[in-house]
1. Tell me the carbon and sulfur percent of the accessible area for the chain, rounded to whole percent, probe radius 1.4 Å.
2. Can you give me the solvent accessible area of Thr11 with a 1.4 Å probe, rounded to the nearest 10 Å²?
3. Please work out how much length the chain gains when fully extended from Glu172 to Ser57, using 0.36 nm per residue of separation minus the C-alpha to C-alpha distance, in nm with one decimal.
4. For Arg13 and Lys86, FRET efficiency with R0 = 45 Å and r from the beta-carbon atoms, rounded to 0.05?
5. Once the convex hull of the C-alpha atoms of the stretch 81-133 is built, how many Å³ does it hold per residue, rounded to a whole number?
6. Give me the aspartates and glutamates in straight-line cross-link reach of Lys104: C-alpha distance below 18 Å, same-chain residues under 8 apart excluded.
7. Which of Asn123, Ala162, Gly146 sits farthest toward the positive end of the charge dipole of the chain, with +1 on the Cβ of Lys and Arg and -1 on the Cβ of Asp and Glu?
8. From the helices alone, meaning DSSP H stretches of at least four residues, give me the mean residue ellipticity at 222 nm for the chain, per-run term -39500 (n - 2.57), in deg cm²/dmol to the nearest 500.
Amino acid sequence: MKITIVYDNETQRKELKPDWGFSCIVDVEGRRILFDTGANGSILLGNMEKIGVNPTSLDEIFISHDHWDHTGALADVLRARGGKIKVYVPASFSSVPGAGEFVKVGPALEIHQNIYSTGELKNIEQSMIVKTEKGLVVLTGCSHPGVGEILKTATRCGKVSALIGGLHGFREFGLLRTLDIVCPTHCTLYKSEIEALFPEKFIQDGVGKVIDW
């Protein structure tokens with residue numbers, strides 16, 4: 001699988017624009033899934049264009065939670081994508097005007113073979129789980145339910161090897177010891193502490209970062 005960060009607080013390429021929010025493109029199992037959308041449509045679509053990703057290539061959209069910095073560009077993406085597209089949202093989400101099939105996720109759900117949702121945890125957020133030969137990759141928006149809760153839920157599908165996404169105020173650093181990689185993005189408050197504790201696992205985030213797994 002390949003994960004390309006297209007919206008983040010930092011950037012790895014000067015021609016790509018950083019902004020408060022998060023979005024990445026997940027290429028796996030022959031599908032291209034947009035995970036969250038960031039806050040601003042012009043920034044997201046501009047970054048995607050410079051990276052070489054056409055919105056029409058998106059197969060599905062996965063929204064972690066209903067906060068503006070993760071959903072603000074959704075309407076713009078849907079317009080740019082054209083046609084109808086399936087959008088997975090947590091059960092508490094309001095609506096998605098312009099979406100083709102609007103899937104509200106309550107309990108844990110198998111989206112496709114080897115691609116899962118944790119289900120909406122603590123009535124606010126879902127995370128994506130991708131099963132690979134190297135173990136599970138867990139993608140988070142802001143980890144509002146808590147990283148421990150997310151990882152515990154994900155382990156029902158197997159061993160978690162990678163954690164990528166926003167971790168908010170997460171400080172239970174011992175939970176990262178068994179992982180192979182961690183890429184804290186966006187809202188993560190203790191990014192430098194995670195890097196210092198786990199330099200061999202740590203991956204620097206930023207718009208334009210590509211993680212092949």
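The values are calculated or read from the model by the stated rules, or taken from the named source; none is laboratory data. This is a predicted model, so every value here is computed, not measured. Glycine also receives a Cβ, built like all others from the backbone with ideal geometry; neighbour counts cover every protein chain displayed. These area figures cover heavy atoms from the full protein model, side chains too; ligands, DNA and RNA do not enter into them. Shrake-Rupley method; radii C 1.70, N 1.55, O 1.52, S 1.80 Å.
1. Numbers: 4240 of 8800 Å².
After summing per-atom areas, the C and S share lands at 48 percent.
2. For Thr11, the solvent-accessible surface is approximately 50 Å².
3. Working: separation 115, 0.36 × 115 = 41.40 nm, distance 3.79 nm.
Length gained, Glu172 through Ser57: 37.6 nm.
4. Working: r = 30 Å, r/R0 = 0.67.
Calculated transfer efficiency: 0.90.
5. Details: hull volume 4.6 nm³, N = 53.
Per-residue hull volume (Cα only) is 87 Å³.
6. Answer for Lys104, where 18 Å is the Cα cut-off: Asp36, Asp59, Glu60, Asp66, Glu120, Glu125, listed by chain and number.
7. Sorting the options by dipole projection puts first Ala162.
8. Details: 5 runs with 38 residues, N = 213.
One gets -4500 deg cm²/dmol as the mean residue ellipticity at 222 nm.
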